[in-house]
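A.B. asks: Before we start, here is the structure in question, set down as structure tokens.
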Amino acid sequence: MSKRQEGGLQAPTRHPIDWQNPEFYDETKLNEELERVFDICHGCRRCVSLCETFPTLFDLVDNSETMEVDGVAKSDYHKVVEQCYLCDLCYLTKCPYVPPHEWNVDFPHLMLRAKAVKFKKQGASLRDKLLSSTDNVGKLATIPVVVDMVNAANRTPSVRKVMEKTIGVHTKARLPRYESPPLRRRIQNDLGDRAVPAGRTSGKVVLFSTCYANYNNPSIGEDLVAVLRHNNIPVRLPDEERCCGMPKLELGDLESVAKAKEINVPELVKWIEQGWDIIAPVPSCVLMFKQELPLMFPDDPDVAKVRDHIYDPFEYLMLRHKHGKLNTEFRHSLGKVAYHAPCHQRVQRIGPKTMEFLQLVPDTEIINIERCSGHDGTYAVKREFHDNAMKIGRPVFRKIKQAAPDHYCSDCAMAAEHIANGLGDGSEPKHPIQLARQAYGI
Ligand code: SF4
Ligand code: SF4
């Protein structure tokens, strides 16, 4: 007889996302599953401090007539769903009931299903379409001359007020700048002929530039390329690239995620088959290829190939360090660095590789901060969520203020911008790869 256990003791596994099955979109079935999982969460409450999703749920339950989940109106379930930004932290850091536990709780992917059902029924607002169309908006906004107009408009209070009123982008949210030319026009391709393999790394890298580094912050990509080349790793770009699909996933627009995959995966596989590894400088984009696409397309061997050959930048450098292939001749110390580990990197289960790298720099003290910054994709820029985003980020802002560091940084440059907004002292964040380049003195 199997013994029922309180909480899972085995490593979490995950079931594929059954998004091509018509039952996935059956609202009655979805509501039954929401009620089942909400009931487990209501009895558990471990996740209450992670985000606004759980406090919203528990308030609905506590204020209902029965004070149980059955007292919550089904029409209120969406209030819970809309607070989830799919960071995955509850799944990987808190929940004892994830598979293989028999209760089979996958809270983020249940929220994703609810978002997908809503998207199928209602589509998305103009604001959400704009925020998730990173490729199209980025292409337009980085046209010379247009780029200056867009940046000026995004910093003009009267324009921002109109934006808040008309499309719901909060006036106080820090919108990323656009830069021209984009990263993809700044990088010269290396040949891979001087690559030195080490462990499972081939020693030659295709840089999936990502929309953010391409259009908003090309210097992250340039710093990464400089650090890789300084470590004798040839770098090139893929011939073609689309948004990884993460902003569309956040909306529940799974068809658009699939369309982007149809462009990106064959292109990346083409290079993997020629012996190149893949790196992307934004943790959410790496996670898309490492986790979400493999769960959406569990039988696609090409998706699996990309999953097995894509790396976080510092994961890659530290994998090579294991084999003596990291240049550790640092010329400059960094002093005191407050380092924020973003959720989408933490849930890759690679360990604190960025921190481990920065700790190799002599006379450098790292203050590690493992808490949500509150940025969370597009959550922080939305009128209805910005105040929550600032509240979620407050412990991070406080810790940085207390530490009074020489630099603060996050692998997620958007989270770093949100942190700068929360600090509100005019200081500018760094990216860890920028600090790495600075430490090398290159
Ligand atoms: S995935 Fe993140 S945002 Fe969503 S419920 Fe879990 S902790 Fe909250
Ligand atoms: S997701 Fe898991 S850990 Fe979090 S409240 Fe629900 S049951 Fe508890």
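A.B. asks: Within segment 19-31, can one find any residue that is part of a helix (DSSP H, G or I), hydroxyl-bearing (Ser, Thr, Tyr), at pLDDT 95 or above and away from ligand 1 (no atom under 16 Å from the Cβ)?
C.D. replies: Let us first name the residues in segment 19-31 that are part of a helix (DSSP H, G or I), namely 22-25, 27-31.
Next, only the ones that are hydroxyl-bearing (Ser, Thr, Tyr) stay: 25, 28.
Those still in the list that are at pLDDT 95 or above too: 25, 28.
If we keep only those that are away from ligand 1 (no atom under 16 Å from the Cβ) as well, we get 25, 28.
Within segment 19-31, one or more residues are part of a helix (DSSP H, G or I), hydroxyl-bearing (Ser, Thr, Tyr), at pLDDT 95 or above and away from ligand 1 (no atom under 16 Å from the Cβ).
A.B. asks: Can you tell me which residue within segment 371-386, out of those that are open to solvent by less than 10 Å² (accessible area, probe 1.4 Å) and not in a helix (DSSP H, G or I), is modelled with the lowest pLDDT?
C.D. replies: GLY374
A.B. asks: Of all the residues that make up segment 330-345, how many are within 16 Å of ligand 2 (Cβ to nearest atom) and open to solvent by 30 Å² or more (accessible area, probe 1.4 Å)?
C.D. replies: Total meeting the criteria: 0.
A.B. asks: Do we find a residue being within 16 Å of ligand 1 (Cβ to nearest atom) and touching a Cys at 6+ places or on another chain (Cβ under 6 Å) anywhere in segment 72-81?
C.D. replies: Taking every residue of segment 72-81 in turn, none turns out to be within 16 Å of ligand 1 (Cβ to nearest atom) and touching a Cys at 6+ places or on another chain (Cβ under 6 Å).
A.B. asks: Here is a list of conditions, (1) under 21 Å from the mean Cα position of the chain (by Cα); (2) more than 16 Å from GLN434 (Cα to Cα); (3) surrounded by fewer than 22 Cβ atoms within 10 Å (Cβ to Cβ), and ALA389 meets all of them except one; can you say which number that is?
C.D. replies: ALA389 satisfies all of (1) under 21 Å from the mean Cα position of the chain (by Cα); (2) more than 16 Å from GLN434 (Cα to Cα); (3) surrounded by fewer than 22 Cβ atoms within 10 Å (Cβ to Cβ) except (3).
A.B. asks: Then there is this: Out of all the residues in segment 415-442, which are closer than 12 Å to ILE220 by Cα, open to solvent by 20 Å² or more (accessible area, probe 1.4 Å) and assigned to a helix (DSSP H, G or I)?
C.D. replies: GLN434, ARG437, listed by residue number.
A.B. asks: Shifting gears a bit: Can you give me the number of residues within segment 273-288 that are free of Cβ contacts under 8 Å to residues at least 60 places away in the same chain and either under 22 Å from VAL137 (Cβ atoms) or hydrophobic (A, V, I, L, M, F, W, C) (or both)?
C.D. replies: Counting residues in segment 273-288 that are free of Cβ contacts under 8 Å to residues at least 60 places away in the same chain and either under 22 Å from VAL137 (Cβ atoms) or hydrophobic (A, V, I, L, M, F, W, C) (or both) gives 1.
A.B. asks: Pick from GLN348, GLN359: which is out of contact with any helix residue (DSSP H, G or I) (no Cβ under 7 Å at 6 or more places or on another chain) and within 25 Å of LYS290 (Cβ to Cβ)?
C.D. replies: The match here is GLN359.
A.B. asks: Condition first: more than 10 Å from VAL337 (Cα to Cα) and either touching a helix residue (DSSP H, G or I) at 6+ places or on another chain (Cβ under 6 Å) or acidic (Asp, Glu) (or both). Now tell me which residues in segment 362-372 satisfy that.
C.D. replies: ASP363, ILE369, GLU370, ARG371, CYS372
A.B. asks: Can you pull out the residues in segment 225-241 that are closer than 25 Å to ASP300 by Cα and either surrounded by fewer than 18 Cβ atoms within 10 Å (Cβ to Cβ) or acidic (Asp, Glu) (or both)?
C.D. replies: Within segment 225-241, ASP239, GLU240, GLU241 meet the criteria.
A.B. asks: In addition: In segment 99-109, how many are within 17 Å of ARG346 (Cβ to Cβ) and within 7 Å of ligand 2 (Cβ to nearest atom)?
C.D. replies: Residues flagged as within 17 Å of ARG346 (Cβ to Cβ) and within 7 Å of ligand 2 (Cβ to nearest atom) within segment 99-109 amount to 1.
A.B. asks: Quick check: is even one residue across segment 349-367 surrounded by 16 or more Cβ atoms within 10 Å (Cβ to Cβ), more than 16 Å from ligand 1 (Cβ to nearest atom), within 22 Å of ILE220 (Cα to Cα) and under 15 Å from the mean Cα position of the chain (by Cα)?
C.D. replies: yes
A.B. asks: Are any of the residues in segment 163-179 touching a helix residue (DSSP H, G or I) at 6+ places or on another chain (Cβ under 7 Å), over 28 Å from GLU370 (Cα atoms) and aliphatic (A, V, I, L, M)?
C.D. replies: yes
A.B. asks: Whether any residue in segment 156-169 is within 16 Å of ligand 2 (Cβ to nearest atom), in contact (Cβ under 8 Å) with a residue 40 or more places away in the chain and open to solvent by 30 Å² or more (accessible area, probe 1.4 Å) is what I want to check.
C.D. replies: Scanning segment 156-169 turns up no residue that is within 16 Å of ligand 2 (Cβ to nearest atom), in contact (Cβ under 8 Å) with a residue 40 or more places away in the chain and open to solvent by 30 Å² or more (accessible area, probe 1.4 Å).
A.B. asks: Among the residues of segment 80-93, are any within 10 Å of ligand 2 (Cβ to nearest atom), in contact (Cβ under 8 Å) with a residue 24 or more places away in the chain and among the β-branched types (Val, Ile, Thr)?
C.D. replies: yes
A.B. asks: May I pose another question? Are any of the residues in segment 57-71 in contact (Cβ under 8 Å) with a residue 12 or more places away in the chain, surrounded by fewer than 20 Cβ atoms within 10 Å (Cβ to Cβ) and either within 23 Å of GLY245 (Cβ to Cβ) or more than 16 Å from ligand 1 (Cβ to nearest atom) (or both)?
C.D. replies: For segment 57-71, residues in contact (Cβ under 8 Å) with a residue 12 or more places away in the chain, surrounded by fewer than 20 Cβ atoms within 10 Å (Cβ to Cβ) and either within 23 Å of GLY245 (Cβ to Cβ) or more than 16 Å from ligand 1 (Cβ to nearest atom) (or both): present.
A.B. asks: Checking ILE366 against (1) at pLDDT 90 or above; (2) under 28 Å from LEU295 (Cα atoms), which test does it fail?
C.D. replies: Single failed check for ILE366: (2).
A.B. asks: Let me ask another. Any residue at all in segment 36-55 that is more than 13 Å from ligand 1 (Cβ to nearest atom), touching a residue at least 24 places away in the same chain (Cβ under 8 Å), open to solvent by less than 20 Å² (accessible area, probe 1.4 Å) and within 27 Å of the chain's Cα centre (by Cα)?
C.D. replies: Looking for residues that are more than 13 Å from ligand 1 (Cβ to nearest atom), touching a residue at least 24 places away in the same chain (Cβ under 8 Å), open to solvent by less than 20 Å² (accessible area, probe 1.4 Å) and within 27 Å of the chain's Cα centre (by Cα), one finds none in segment 36-55, hence no.
A.B. asks: Further question on the same structure: For segment 69-76, state whether one or more residues are within 13 Å of ligand 2 (Cβ to nearest atom), over 23 Å from the mean Cα position of the chain (by Cα) and either more than 26 Å from LYS391 (Cα to Cα) or not hydrophobic (A, V, I, L, M, F, W, C) (or both). Talk me through it step by step, then tell me what you get.
C.D. replies: Kept after step one, since they are within 13 Å of ligand 2 (Cβ to nearest atom), are these residues of segment 69-76: 69.
Cutting the leftovers down to over 23 Å from the mean Cα position of the chain (by Cα) gives us 69.
Okay, now just the ones that are also either more than 26 Å from LYS391 (Cα to Cα) or not hydrophobic (A, V, I, L, M, F, W, C) (or both), so 69.
Within segment 69-76, one or more residues are within 13 Å of ligand 2 (Cβ to nearest atom), over 23 Å from the mean Cα position of the chain (by Cα) and either more than 26 Å from LYS391 (Cα to Cα) or not hydrophobic (A, V, I, L, M, F, W, C) (or both).
A.B. asks: Output the residues belonging to segment 244-269 that are without any contact (Cβ under 8 Å) to a residue 12 or more places away in the chain and more than 20 Å from the chain's Cα centre (by Cα).
C.D. replies: Scanning segment 244-269 gives a single hit, GLU262.
A.B. asks: Hey, another quick one. Could you please find all residues in segment 387-399 being farther than 16 Å from CYS87 by Cα and touching a strand residue (DSSP E or B) at 6+ places or on another chain (Cβ under 9 Å)?
C.D. replies: Within segment 387-399, PRO395, VAL396, LYS399 qualify.
A.B. asks: What do you reckon, is LYS290 among the basic types (Lys, Arg), modelled with pLDDT of 95 or more, over 23 Å from LYS353 (Cα atoms) and open to solvent by 10 Å² or more (accessible area, probe 1.4 Å)?
C.D. replies: no
The values are calculated or read from the model by the stated rules, or taken from the named source; none is laboratory data. Note that the structure is predicted; figures quoted are calculated from it, not measured. With ideal geometry, Cβ positions are generated from the backbone for all residues, glycine too; neighbour counts draw on all protein chains shown. SASA here: full protein model, heavy atoms, side chains in, ligands and nucleic acids out. Shrake-Rupley method; radii C 1.70, N 1.55, O 1.52, S 1.80 Å.
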